[in-house]
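What follows draws every value from the coordinates through simple rules; no lab data is involved. For clarity, every value in this text was computed on a predicted model and none was experimentally measured. Neighbour counts are summed over all protein chains in view; Cβ atoms, including those assigned to glycine, are modelled from backbone coordinates with ideal geometry.
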Amino acid sequence: MLQFPAWKVLLVFGVLIWGVIMALPNAVNMSNAPGFLPKKAVNLGLDLRGGVYLEMEIPATEVISSRLEVFARDVRSAFARTSDRDPIFFQPELRGRTMLIKLSRPDADGNFPVEDALRRLDRINSPIEGGLGGGKTFDISRAGPDSLLVSVSSASETAMLQDALNKTMTIVRRRVDPDGVAEISLTPSGTNRIVLEAPGEPDPERLKDLLSRDGRMTFNLVESSPAEIASAQAGVIKPGFRLLEGPETGPLLVREIPEVVGSDIATASQGNDDANRPQINFRLNANGARKFYETTRNNSGKLFAIVLDDVIMSAPRINEPIPGGNVRITGSFTIEQAQDLAAIIAAGEMPAKVQFLDQRVVSSTLGEDSIESGFRAAIVGLALVAVFMVLAYGLQGMFAVFSLMANVILIFAALSLVGATLTLPGIAGIILTIGMAVDANVLVFERIREEQNNGRSLWTAVQAGYERALVTILDANVTTLFAAIILYTLGSGPVKGFAVTLAFGIVTSVFTAFVFTRMLTIFWMKAFKTKSFAV
Amino acid sequence: MLIKYWPKETKIPFMRYRYVGVVLSVVMMIASVYLVMTRGLNLGVDFAGGSVIELRQTEQVTVPEVRSRIQGSLTVNSATNANGELVVIRFGDLDQSLLGPEFQALSDEDKAERASAASNTYVVNALKREFNLADADILRNDSVGPKVSSELFREGMIALGVATIMMFLYIAFRYTWSYAVGGIAALVHDAIGTIGLFSLLQLEFDLTTIAALLTIIGYSVNDSVVVFDRIREIRRKYKQMPATEVIDIATNQTLSRTFLTGGTTIIAVLAIAIFGGPVLQGMSVAMIWGIIIGTYSSIYFAAAIVLMLGVDINRKPVEDTPGFEAMP
């Protein structure tokens, strides 16, 4: 316990010097330092630097029902070709997570051809994406003499949610950060949740607007006379058409089946028109460009509606065939609106509308205030504990204060090393550690005091003090470490930051209190031939 | 040196008054449970759902102005941080008639899910309009939906439960089950006592409070373990000594450590309470109280229960103190 061979001394100082180097960027600007030195300070949490935290959920039911809708369309188009001759006619009816298909035309004997319909549906029922077992996406079963029930197995549901989660993550990133420059973090959580952290973003409403759009983009031909619009508004819409509105165009009747859809769009960006007003430019891919060219060639003189989420953005008149697939939307946008719309269009359609569960916004000024508060509390805490220790234990207390400082430096070094995030509760964790770290020192000092009182010489007292206190120190610290680990595993956000600093603080405090203080004490005793400590 | 003034050897007969201590502790725990059941806890947004918005107080933006100009049932208070006075606005789901046509169009199920977010949007817009605020003027805006808040509460309770079980197992492994029961009783005592204080003073109970409770649990066990270690050591040395005396000596010998560590920890946490700003206040109040009752409970609750259940550890004949063990 009292021997410190050279290699041990080197090791201890090595650790401390490493700690100082790692922690240095937090105290001084290191951007001009030589290349081998670390330059990055500890990551600050959103509560210290300001920014937006958003937790969103992709509703499972909506994902499934929108997939069922797509399936219904597939079924309709597969059967439409033969519908005149076909005895099977059906009306799909969505019921949350299932869909009921009713056959409406019995054969000559009055029986419904359910088996035949099952066979045909099975043919367009694709296998589960990424699944190996060959399971089908939908379970289709007989629900009655004239009806079939389409449902989703749990394996298929998992695959759908996984797919929706991946797609949504990509779309969220593209919408929030179209240029790939912002420092945002997106983390999946559970099966259908996403956590978005955007440091420096002041406005959660803009983010929420960006993310709550479906982003369903279509180009539909317009065929409407004023009389048809009037009758549609009265509730009589001509078949195959929908009544949509737009802020620039007013109500129009557009064809239900679009000519060009979102997946035909290659890129979209914000640009300027001839009068230097913001507009949205986009380019169609080869398939889209061909369809666009054909439509414009065959429908000269008609209006062509560009529809985003059932709102007509613009409805220019087709004057001539347009080759090349370059399209633009003009209108009265601000630059920011045009950029956001371009990002939404380019990112594509959300599998389902996300819901926002948890939103936390901290302005950068409050973050600075918090850093200041935390720093002030830490300095005051450290100073008071130092004064208290020196008053209580004199010289030994001084050693303990040195090891406290070493402890704080090592905590910062450890945070830098693992790239952990420092939060305001994290700072509280450091201050708490300052208070608790002296416990190991106190245990040893008390032991030394007792042994001296029992008449032992200083050297044997110090020896016994460290030896006997070790078990207690370990037992006592392991329990707090448990608490910190549990807090880290189960806690979230800023509280996790508290757990991290607490856990590091416990480990480093055992090292500094038990090894570093001991070394200082023994060096001192050897150098000054101390006979006893004034306790 | 302060420690000079600490008597070299205290001889307080702690265990003579153990029944007083145990009764006192039990009364406090019952009172805490009673308080929580009758007064309840002032759950923060983390657990109750709803919103908190913080603004910098200015000549225009004051507590009464916000109260009078923004409709809906809001709780408006002031607070202080490093750089001045704040106006803190809290609210849950506002009256649905305030929430605009888009919200009215939702289905009932969606309304329940989204009322919290819609209320937040409504208040933020009203504040921006009434006080001509920019985004940067809204210092903090937290809005937690019902789903997440109930999950966070459940997770917090699970964390406390798991921590308790881990501590029990650790003490049982290092000592015996009677020590484990004593240590856990002290831990539960401290946690319940702290929750009771939160109910009594109606302090905000949120995620940082759970963090504080876990720290208190760790500290409480830490304190108990130090006493237990001494009990074990003395028991090994003096096999014939009555258990009451063993515990008294152990608590007296560790007493100055108990007060010194408690003292430095409270000093550090006081610094957080005074200078750390409003976010950390509840956490630090919880910890100060927890450390005080934790110090008390390690002596009067943990040790007293160990005394009742039995202090003996030596099931194995040879332990790691061969000097005191007569070889057969």
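Phi angles of segment B:229-237 translate, via the Karplus equation with coefficients 6.51, -1.76, 1.60 and θ = phi - 60°, into HN-Hα couplings of 4, 5, 4, 4, 4, 5, 4, 5, 6 Hz per residue; Gly and Pro are given as x. The order of A:K526, A:K167, going from fewest to most other C-beta atoms within 10 Å of their C-beta, is A:K526, A:K167. Pairwise Cα separations in the protein assembly as shown fall into 10 Å bins from 0 onward with the following percentages, short to long: 2, 10, 17, 19, 16, 13, 10, 7, 4, 2, 1, 0. Neighbours of A:D47, meaning other residues whose beta-carbon lies under 9 angstrom from its beta-carbon, give a summed charge of +3 when Lys and Arg score +1 and Asp and Glu score -1.
A cut-off of 5 Å between modelled amide H atoms, ignoring neighbours fewer than 5 places along the same chain, links A:S147 with A:L103. Excluding the site residues themselves, the longest part of chain B lacking any GluC sites (Glu not before Pro) in a DSSP loop with at most 15 other Cβ atoms within 10 Å is B:60-318. Counted as membrane-span-like here are DSSP H helices of chain A whose alpha-carbon atoms extend 27 Å or more along the helix's own axis and whose Kyte-Doolittle mean is -0.5 or above; these are A:6-27, A:60-80, A:154-176, A:364-418, A:424-453, A:458-490. The distance from the alpha carbon centre of segment A:189-217 to that of segment A:485-535 is 42 Å, rounded to a whole number. Using θ = phi - 60° in the Karplus curve 6.51 cos²θ - 1.76 cosθ + 1.60, the 3J(HN,Hα) couplings for segment B:273-280 round to 4, 7, 9, x, x, x, 4, 9 Hz; x is entered for Gly and Pro.
Once the Cα-Cα distance is subtracted from the 0.36 nm per residue extended length, the A:F375 to A:M169 segment shows a gain of 70.5 nm.
Amide H contacts under 5 Å for B:L86: B:Q57, B:A79, B:T80, B:N81, restricted to partners 5 or more places along the chain or on a different chain, H placed in the peptide plane at 1.01 Å from N. Adding -39500 (n - 2.57) for every DSSP H run of four residues or longer, then dividing by how many residues chain A holds, sets the calculated 222 nm ellipticity at -17500 deg cm²/dmol. Label separation (B:K237 vs A:R317): 10.6 nm, computed from points 7 Å beyond Cα along the C-beta direction. Could you give log10 I(q)/I(0) at q = 0.14, 0.21, 0.22 Å⁻¹ for segment B:50-144, computed by the Debye formula over C-alpha point scatterers of equal weight, without solvent? Those come out to -0.50, -1.01, -1.09, one per q. A cut-off of 5 Å between modelled amide H atoms, ignoring neighbours fewer than 5 places along the same chain, links B:R39 with no other residue. Taking the Cα centre of chain A as reference, the dipole from Cβ charges on Lys and Arg (+1) and Asp and Glu (-1) amounts to some 1640 debye. Listed values for segment B:23-32 are Karplus-derived 3J(HN,Hα) couplings in whole Hz (6.51 cos²θ - 1.76 cosθ + 1.60, θ = phi - 60°), namely 4, 4, 4, 5, 4, 5, 5, 5, 4, 4, and x replaces Gly and Pro. Averaged over the residues of peptide A:350-361, the number of Cβ atoms from other protein chains lying within 10 Å of each residue's Cβ is 6. Cross-link pairs exceeding 28 Å between alpha carbons, from the set A:K102/B:K111; A:K8/A:K529; A:K102/B:K147; A:K167/A:K291; B:K11/B:K239; A:K8/A:K496: A:K102/B:K111; A:K102/B:K147; A:K8/A:K496.
Peptide B:277-287 shows a mean partner chain C-beta count of 4 within 10 Å per residue C-beta. Across peptide B:225-231, the mean count of Cβ atoms from other chains lying within 10 Å of each residue's own Cβ comes to 5.
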